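What follows is a set of notes on a single structure, which appears directly below.
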Number of protein chains: 2
Amino acid sequence: MLASARAEFAARGYDRASIRGIARGAGVDPALVHHYFGTKEQVFEAAIEKAFAPILHVPDQVAAVWPDGAGEHMARFIFGLWEDPETREPVLAVVRSAVNNETAAAAFRRMLTRHMLTRLAGQLAAPDAEVRVQLAIAQLVGVGLLRYVIKFEPLASEDVEDLIARLAPVVQHHLTEAPRPVDSDTPPGSWL
Amino acid sequence: MLASARAEFAARGYDRASIRGIARGAGVDPALVHHYFGTKEQVFEAAIEKAFAPILHVPDQVAAVWPDGAGEHMARFIFGLWEDPETREPVLAVVRSAVNNETAAAAFRRMLTRHMLTRLAGQLAAPDAEVRVQLAIAQLVGVGLLRYVIKFEPLASEDVEDLIARLAPVVQHHLTEAPRPVDSDTPPGSWL
């Protein structure tokens, strides 16, 4: 039923997906989907928890390589989700749904906050830890969007390892470097 | 008609938007919309060119503050689009449509490539200029998505000037710093 739910959300988006369509795809009665999961929102939450299951391990993995390896590990994790055919479609389904629908956005926000943001921010021990983690994730989400969804070239054909090498220091910077004020008297390069 | 088109694309997304709905919103006959713009794809292109009109000036403005002010200028421009009530809805319409539909994604890609990416990349004079510009834009697009669309907190309530100060050096780094290899023997902070 969750596989059918992810296919339905990916193909139709949250707004147009229906319990009826999910039941049809799974070859079961809609009442059974209601019985196991409840509302469409609850089916969606269950489907995205499953799609993002590998995320559960990220905070511990990042803690193990903290601080030097944090940026690279996070970059590698996000590319792993998109490059693996098993997780790519469900991730795309979640992104599409969250961009289009408030309820789906809230479910995505809760899932990411609970399983990753809060625990990563705890690692930072800085008053602005949550903003830092969110800016780091924003860099990786943005690259995922431009490369895998909108398909900008040459980004879409660029080697994954090359992109990880370019992004790791930036993600690392968000997580571990103190922010500097914007000051155009400072020569370029000394900002970071 | 373009205002009605943007409202229709924002409310219904590219897939479900129709020439008929756009004509109804503008109080004109559908034949008139066809006459002025052609297909739905062509209406969409015209609507996004209008929504992103300020983008036409960005490459020249960035060239004027090159290289030190480039990161700050680009960050300020993107936040300007989202913070201005006049441009926020059309930008949201374009993002939603591009994420959900291949045709809309291609139109968005062409618009951004023609008006910004190619000209900014020309400024860099580096063999990997296009990838660099796209990674810089990915950072800003990702922040826009998390702050204005998915509405992660505290990112959504964070002061704009604080975010610009945090993002300018990262955008600048993508544009003007040579990429370093990922090397966990290097102490943190010396990567950038």
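The values are calculated or read from the model by the stated rules, or taken from the named source; none is laboratory data. Keep in mind the model is a prediction, meaning the values are calculated, not measured. A quick note on method: Cβ atoms are made from the backbone with ideal geometry, for glycine too, and the neighbour counts reach across all protein chains shown.
For A:R132, state whether it is farther than 23 Å from B:A156 by Cβ, part of a helix (DSSP H, G or I) and at pLDDT 95 or above. Here the answer is no, as A:R132 does not meet what is asked. Whether a residue is over 14 Å from the mean Cα position of the chain (by Cα) and more than 10 Å from chain B (Cβ to nearest Cβ) was assessed, and A:T87 does not pass this test. When the stretch A:159-192 is limited to residues that are in contact with a helix residue (DSSP H, G or I) (Cβ under 6 Å, 6 or more places away or on another chain) and of a type in the set (V, I, T), the one that is modelled with the lowest pLDDT turns out to be A:V182.
Determine which member of the set A:A121, A:A126, A:A165 is free of Cβ contacts under 8 Å to residues at least 40 places away in the same chain, more than 7 Å from every other protein chain (Cβ to nearest Cβ) and part of a helix (DSSP H, G or I). Result of the check over A:A121, A:A126, A:A165: A:A121.
Each row is one residue, and each column tells you yes or no for (1) at pLDDT 95 or above; (2) under 19 Å from the mean Cα position of the chain (by Cα); (3) β-branched (V, I, T).
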site	(1), (2), (3)
A:V94	no, yes, yes
A:N100	no, yes, no
A:A104	no, yes, no
A:R119	no, yes, no
A:A136	yes, yes, no
A:L140	yes, yes, no
A:L145	yes, yes, no
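On inspection, B:G80 does not qualify as surrounded by fewer than 16 Cβ atoms within 10 Å (Cβ to Cβ), modelled with pLDDT of 90 or more and on the phi > 0 side of the Ramachandran plot.
Among the listed residues B:G13, B:G71, which satisfies the condition of being assigned by TED's automatic domain parsing to the domain that holds B:P85, within 22 Å of B:T87 (Cβ to Cβ), surrounded by 15 or more Cβ atoms within 10 Å (Cβ to Cβ) and in contact with a helix residue (DSSP H, G or I) (Cβ under 7 Å, 6 or more places away or on another chain)? Walk me through it before giving the result.
Working: B:G13 fails: assigned by TED's automatic domain parsing to the domain that holds B:P85.
Within the list B:G13, B:G71, the selection yields B:G71.
Just to be sure before I move on: is A:L145 in contact with a His (Cβ under 7 Å, 6 or more places away or on another chain), outside any loop (DSSP other than H, G, I, E, B), at the interface with another protein chain (Cβ under 7 Å from one of its Cβ atoms) and not β-branched (V, I, T) in the structure I sent? Judged against the criteria, A:L145 is not a match.
Please determine, by comparing only the residues of the stretch B:90-111 that are crowded, with 18+ Cβ neighbours inside 10 Å and β-branched (V, I, T), which one is farthest from the other protein chains (Cβ to nearest Cβ).
The selected residue is B:V91.
Among the residues of the stretch B:36-56, is there at least one that is over 24 Å from B:L92 (Cβ atoms) and surrounded by 15 or more Cβ atoms within 10 Å (Cβ to Cβ)? Within the stretch B:36-56 (the criterion being over 24 Å from B:L92 (Cβ atoms) and surrounded by 15 or more Cβ atoms within 10 Å (Cβ to Cβ)), the answer is no, since none of the residues qualifies.
The residue pairs whose first member lies in the stretch B:40-63 and is closer than 16 Å to B:T118 by Cα, whose second member is aromatic (F, W, Y) and part of a helix (DSSP H, G or I), and whose beta carbons are closer than 6 Å, counting only pairs six or more residues apart or on different chains, are B:V58/B:F77.
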